[in-house]
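Note sheet for the following structure.
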Amino acid sequence: MKVDKSKWVSCTLDSVCDIQFGTRIVKKQTEAGQYYVYGGGGATFTTKSYNRENAITVSRFALSKECTRFIEGKFFLNDSGLTLHPKTNLLLFQFLKWHVFALNDKIYSLARGAAQKNLDVKRFSKLLIKLPKNNEQCTIATELDTLQKMIDGYKAQIADLDVLAQSIFVDTFGNVAVNDKCWDIIQMGQLGNFKNGLNYSKGEIGKTLKIIGVGDFQNIKCLSSFDNISYINIEDISQEYLLHNEDIVFVRSNGNKNLVGRCLEVFPNSTEVTFSGFCIRFRKSVEIINKYLIATLTDIGFKNTHILKSNGIGIQNINQKLLSSLPIPVPPIGMQKKYAAQVEAIEKQKELIRQQLADAETLMKERMQYYFS
């Protein structure tokens, strides 16, 4: 849809919206119930009452970069957040929702404070928004809602395929955390060798290398394209720090305990790639199928039982000794290969959907930019 934004009317946020703060609530003084409590971020605990329904929320205290959201259904908003609602017929709710999303970065820039960023509400209330006629607002909101449904649909398809892969794994190999199918157990240190990652100094002059860091461990289990990986310059490097095809790299240490222990299989091929000191590399020396091994290592039950519990709830690092002692159930190689083939077929489907998702997200950004820049 083409629009003539020169005809749109500029208004301050507070002139067309009711800005309503949430209500203070304390978990230890609240009885759990069916309604989630939200504040400056996601849901925290539950309560038996609600004070908002289907609302556009903005963080007030402890702002993160994602400080705007739409929360569907009934919920309780605490005093860490605020909500916006049109107070004039000139502004449609659905259009306001998308306009607020478009203002997310500008709203975040209004935060003040070093240790904790809090919203400057006075400046926030004077932000300018531009309003077309109601029929244009409706058309724009409908288009963006449709794109969002496409994006959500693609994400749901990927999640369903992940569930399918996990279901096949459990049906085939059982509960690997307790090895209920009584496969042979081999400690991981007997399956291959480990190497801690490279420590280097920024600003070195020398050979240019791609380097895998903690930021590259997303929700993927295999990495074969290194176009978006950072690089370093280093004067000299031992060959043992260069990754080979089928190496597995672990997150060794990070402030975010949810990242510790994540792993991915790498295929550098002809690209020279190393790995940072916050990582550990595993290189197998006996026949075991990586797809099976990674599925075992990332199985929630196995990870909680054998990796996370070893260092307690606050785990922020793992080491070679821990990884070497992991009790890996080792089923017959034929079963591992069959499972790997099934997973590869699923991954091909996921890759097609990921591309569709990326295209839809790109289109969404373009349309948001067109309407609200």
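Computed values, structure above
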quantity	calculated
Any hit, region 301-319, residues being in contact (Cβ under 8 Å) with a residue 60 or more places away in the chain, closer than 14 Å to Phe173 by Cα, buried (at least 21 other Cβ atoms within 10 Å of the Cβ) and in contact with a helix residue (DSSP H, G or I) (Cβ under 7 Å, 6 or more places away or on another chain)	yes
Check on Thr88, in contact with a helix residue (DSSP H, G or I) (Cβ under 9 Å, 6 or more places away or on another chain) and farther than 30 Å from Asn135 by Cα	no
Unmet criterion (only one of (1) open to solvent by less than 40 Å² (accessible area, probe 1.4 Å); (2) part of a helix (DSSP H, G or I); (3) of a type in the set (A, V, I, L, M)) for Val170	(1)
All strands (runs of 3 or more DSSP E) inside region 175-272 with 2 or more residues being over 25 Å from Ala340 (Cβ atoms) and open to solvent by less than 60 Å² (accessible area, probe 1.4 Å)	207-212, 231-234
Answer residue from region 339-362, given it is touching a helix residue (DSSP H, G or I) at 6+ places or on another chain (Cβ under 8 Å) and under 15 Å from Ile288 (Cα atoms) and is surrounded by the most Cβ atoms within 10 Å (Cβ to Cβ) among those	Tyr339
Conditions (1) among the polar types (S, T, N, Q); (2) surrounded by 15 or more Cβ atoms within 10 Å (Cβ to Cβ); (3) within 21 Å of the chain's Cα centre (by Cα); number of the one not met by Gln336	(3)
Near pairs, Cβ below 9 angstrom, 6+ apart or cross-chain, from region 75-101 (free of Cβ contacts under 8 Å to residues at least 40 places away in the same chain) to any residue that is outside any helix (DSSP H, G or I) and open to solvent by less than 10 Å² (accessible area, probe 1.4 Å)	Phe93/Ile56
Scan of region 79-102 for residues that are open to solvent by 20 Å² or more (accessible area, probe 1.4 Å), touching a strand residue (DSSP E or B) at 6+ places or on another chain (Cβ under 9 Å), part of a loop (DSSP other than H, G, I, E, B) and not acidic (Asp, Glu), ordered by number	Ser80, Lys87, Thr88, Leu90, Leu92
Residues that are surrounded by 13 or more Cβ atoms within 10 Å (Cβ to Cβ) and within 16 Å of Leu84 (Cβ to Cβ), drawn from region 103-119	Leu103, Asn104, Ile107, Tyr108, Leu110, Leu119
Lone unmet requirement of (1) out of contact with any Gly (no Cβ under 6 Å at 6 or more places or on another chain); (2) at pLDDT 95 or above for Ser324	(1)
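The values are calculated or read from the model by the stated rules, or taken from the named source; none is laboratory data. Keep in mind that this is a model prediction, so the values were computed, not measured. FYI the Cβ positions are ideal-geometry reconstructions off the backbone, even for glycines, and counts take in every protein chain you see. All accessible areas refer to the heavy atoms of the entire protein, side chains included, with ligands and DNA or RNA removed. Shrake-Rupley method; radii C 1.70, N 1.55, O 1.52, S 1.80 Å.
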